[in-house]
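Coordinate-derived values only; no laboratory data. No experiment lies behind these values; they were computed from the predicted model shown. Please note: Cβ atoms are built from the backbone with ideal geometry, for glycine as well, and neighbour counts cover all protein chains shown.
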Amino acid sequence: MAVEGLPAFFARNGLLSEDVERCLDLVRTLFPGCVFDHAVHQGGCSYTLKMKKLDHSSTTGDDPSFITAKGAFIVQFRPLKHAISVTVADEARQLFGSLVPTFRELGFVDITSTSKLQACQISNISGERFSDLQPVGTQLDIISVRRYVSLLEGLAKFYAIAWEAAKARGSDGRQNKCEGRVGSTMLLRLQKLEQHLPSSLLRGKARSIRQRVQQGGLDALPIVLTHGDLIPSNIMVDRGTWRVTGFVDWAEAEYLPFGLSFYCVDRVLGFVEQPSGACGPRFVWYKQEYDLRCAFWNMLTYRIAELQAHAIKNAVRLARSVAILLWHGIAFDDGKLDRVIDPIEDAEGLAYLNAFLGPTYEDIDSKL
């Protein structure tokens, strides 16, 4: 494959065309019986190649668990600061099975900035990114509502697997501690948010949430393996039914209290629109949002009987609020995660916060 221009990932990270060639040389060496091309959808923190095996000849990188019936798989290059943990990737695969790609570290590529890129082989997850199928329009038709029920059922099953695994695990080992990047600094981040969020309403909400966390509001929840970026583009679904086929991009995964990825439910129940004129982006709920949210909670409670207890459900609601603050109130900034959002630079993040925690939906789940 010839490189035409510098791929955006390399330009963004201050790398050179020779760094691209170093990556491609590794691929050619490990997979001589394959053709490859740039993936259409490139993540902000990685460079992804679509691979296809042409014949049945053996290659250095052969492993049948990675290669589909059509001979397809993925090779991805990631800066060390965004490297995927082999341990966490393996744990996710063991826990969630085929909903998680198979992952293998291929080695590291030296680059001109005197650093390295992690090279990974990743299996394909079938289906389409939900972000490519999500409706834009407030009124969902009957078919879309049925598909949404299928999507939310898949999310409920996914969350229930993590809950049951934590119960089965008991109280032993590191998997019952929040030692990751977010978990170990949760209170500090909430304190920063209550001081610097761009509106008094949001600062007050952050203060209340921080106080409840500090008082043990999450203590009743198990610590579960949590996908660190559960947004529509990382959810794979069947195009016709929206049945969940898997979850991709586990680089930010860590052990956190159950419910700290529930911002996902809010994200899929509406969309961001860019109004004309001077107004910034705003999040718009589907008209069927409330009914769909009720359906999700009913499906989740069916699978997790403990949620029938008022105290447990309240703890999960608190976890949802914490998740919304942490994922939408802190700017990503190429993974730095140390700056509270700015209303101009991070207008979309503010739109999420205003919708999910603002005056109209100050506590959505309390209605359920």
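Looking across segment 307-345, the residues that are of a type in the set (Asp, Glu) and without any contact (Cβ under 8 Å) to a residue 40 or more places away in the chain come down to Asp333, Asp338, Glu345.
Output yes when any residue across segment 167-177 is under 25 Å from Arg212 (Cα atoms), free of Cβ contacts under 8 Å to residues at least 60 places away in the same chain and surrounded by 15 or more Cβ atoms within 10 Å (Cβ to Cβ), and no when none is. No: segment 167-177 contains no residue that is under 25 Å from Arg212 (Cα atoms), free of Cβ contacts under 8 Å to residues at least 60 places away in the same chain and surrounded by 15 or more Cβ atoms within 10 Å (Cβ to Cβ). Inside segment 122-153, residues that are surrounded by 14 or more Cβ atoms within 10 Å (Cβ to Cβ) and among the charged types (D, E, K, R) make up a count of 4. For segment 277-307, the tally of residues that are at negative phi and outside any helix (DSSP H, G or I) stands at 12. A single entry from Tyr263, Tyr255 fulfils the requirement of being in contact with a strand residue (DSSP E or B) (Cβ under 6 Å, 6 or more places away or on another chain), crowded, with 18+ Cβ neighbours inside 10 Å and aromatic (Phe, Trp, Tyr): Tyr255.
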